[in-house]
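One structure below.
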There are 2 protein chains.
Amino acid sequence: MQKQNFLTKNQQIVLDLVEKSSQPLKAYSILFNVQKKGLKAPLQVYRALDKLVEIGKIHKIESRNAFVACKNSNCVVSNATAFSICESCEKVTEINNSKLSKYLSNFEDNSGMKYNKYNLEFFGLCKKCKNK
Amino acid sequence: MQKQNFLTKNQQIVLDLVEKSSQPLKAYSILFNVQKKGLKAPLQVYRALDKLVEIGKIHKIESRNAFVACKNSNCVVSNATAFSICESCEKVTEINNSKLSKYLSNFEDNSGMKYNKYNLEFFGLCKKCKNK
DNA sequence: TTACACAATGTTATAATATAACAAATTATT
DNA sequence: AATAATTTGTTATATTATAACATTGTGTAA
């Protein structure tokens, strides 16, 4: 059997939900929302999430244990991700800045380690929350 | 009462343990190790960890849910952190690179958002693991 | 076209991570 | 000493995530 190059039913259900959401979704919130579609157990959701992250369709916001759809067509795989996170309203935006990604992808320190992946999370107050 | 500017007993116990460790420690591993010192409940550990993170004595490796002592004297508070993580042996090193931190601290995108904090995690294979 | 290999799914149970709520003890200032 | 605030202790529980294994689906090749 070939390696799958399409989405399975569960993956599609989870992806559809995450893509419709304007903010990051938690795994158990996803579970709750897809129960009407037949996904009853956490593992069904986590397995779909794992695969979707692996192929770059969604990203995990590590500091929030939450998931967002990829808004960056360059993210074929999730190996170079950057987000801005509002510490007040928790709004998350994927940063798509070629200078930044170039800078980080080429970054080397004195450890002799070559990085094949990074994740960057910026925190602050979004425009709306700053003006409150 | 003044805001505390020293470590409490529990905080000191937890910090001592984390500082002695060469790799990141998980909260429940910390709990297990400090039980002989009298910290019996998860909350006692989590409260100490929260405070230690807040004042920059330790950092949380978000992708691993683990904690490391700060190796960077500049980290008065944990508002600008970068780590390299080996995906094979899980060795974590704090990156202390002034060009990088300057670049990221001054980073602005078109969202108009001003960031007061960031966390960056690089992934790859460390020297040892690369040569296996 | 059926047997096979393997991927994906379903299911139950449980592990691992983290916080809520509240009572008690400690400590600094009045 | 009275007080106010912080820290601690304690029980219970919420949240996040995975182990283990049985079952079903699907592409490939005999």
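The values are calculated or read from the model by the stated rules, or taken from the named source; none is laboratory data. This one's a predicted model, so the numbers in the text were calculated from it and none came from an experiment. Positions of Cβ are backbone-derived with ideal geometry, glycine not excepted, and every protein chain shown enters the neighbour counts. Just the protein is used for accessible areas: all its heavy atoms, side chains included, with ligands, DNA and RNA removed. Shrake-Rupley method; radii C 1.70, N 1.55, O 1.52, S 1.80 Å.
For region A:57-76, what are the residues that are within 12 Å of chain B (Cβ to nearest Cβ) and open to solvent by 20 Å² or more (accessible area, probe 1.4 Å)?
Those that are within 12 Å of chain B (Cβ to nearest Cβ) and open to solvent by 20 Å² or more (accessible area, probe 1.4 Å): A:LYS60, A:GLU62, A:SER63, A:ARG64, A:ASN65.
Take region A:83-122 and flag every residue that is in contact (Cβ under 8 Å) with a residue 60 or more places away in the chain and hydrophobic (A, V, I, L, M, F, W, C).
Within region A:83-122, A:VAL92 is the sole residue that qualifies.
With respect to the numbered conditions (1) away from DNA strand D (no atom under 11 Å from the Cβ); (2) crowded, with 17+ Cβ neighbours inside 10 Å, which one is the sole condition not fulfilled by B:PHE32?
Just one mismatch for B:PHE32, condition (2).
Consider region A:117-132. How many of its residues are facing chain B (nearest Cβ under 7 Å) and loosely packed, with under 13 Cβ neighbours inside 10 Å?
Residues meeting the conditions: 1.
More than 10 Å from DNA strand C (Cβ to nearest atom), touching a residue at least 12 places away in the same chain (Cβ under 8 Å) and over 14 Å from A:ASN119 (Cα atoms): which single residue out of A:LEU39, A:LEU31 fits that description?
Being more than 10 Å from DNA strand C (Cβ to nearest atom), touching a residue at least 12 places away in the same chain (Cβ under 8 Å) and over 14 Å from A:ASN119 (Cα atoms) holds for just one of A:LEU39, A:LEU31, which is A:LEU31.
Would a scan of region A:48-56 turn up a residue that is away from every other protein chain (no Cβ under 14 Å), over 24 Å from A:LYS117 (Cβ atoms) and either away from DNA strand C (no atom under 14 Å from the Cβ) or crowded, with 20+ Cβ neighbours inside 10 Å (or both)?
The answer is no, given that none of the residues of region A:48-56 is away from every other protein chain (no Cβ under 14 Å), over 24 Å from A:LYS117 (Cβ atoms) and either away from DNA strand C (no atom under 14 Å from the Cβ) or crowded, with 20+ Cβ neighbours inside 10 Å (or both).
Mind telling me which of the residues A:SER84, A:SER88, A:SER111 ends up being within 10 Å of another protein chain (Cβ to nearest Cβ), closer than 18 Å to B:ASN79 by Cβ and among the hydroxyl-bearing types (Ser, Thr, Tyr)?
Of the residues listed, the single one that is within 10 Å of another protein chain (Cβ to nearest Cβ), closer than 18 Å to B:ASN79 by Cβ and among the hydroxyl-bearing types (Ser, Thr, Tyr) is A:SER84.
Can you find even one residue in region A:9-27 that is within 14 Å of DNA strand D (Cβ to nearest atom), of a type in the set (Gly, Ala, Ser), open to solvent by 40 Å² or more (accessible area, probe 1.4 Å) and away from chain B (no Cβ under 14 Å)?
Pass one, region A:9-27, residues within 14 Å of DNA strand D (Cβ to nearest atom): A:9-12, A:14, A:18, A:23-27.
Of the ones still in play, those that are also of a type in the set (Gly, Ala, Ser) are A:27.
Now narrow it down to the ones that are open to solvent by 40 Å² or more (accessible area, probe 1.4 Å): none.
No, region A:9-27 has no match at all.
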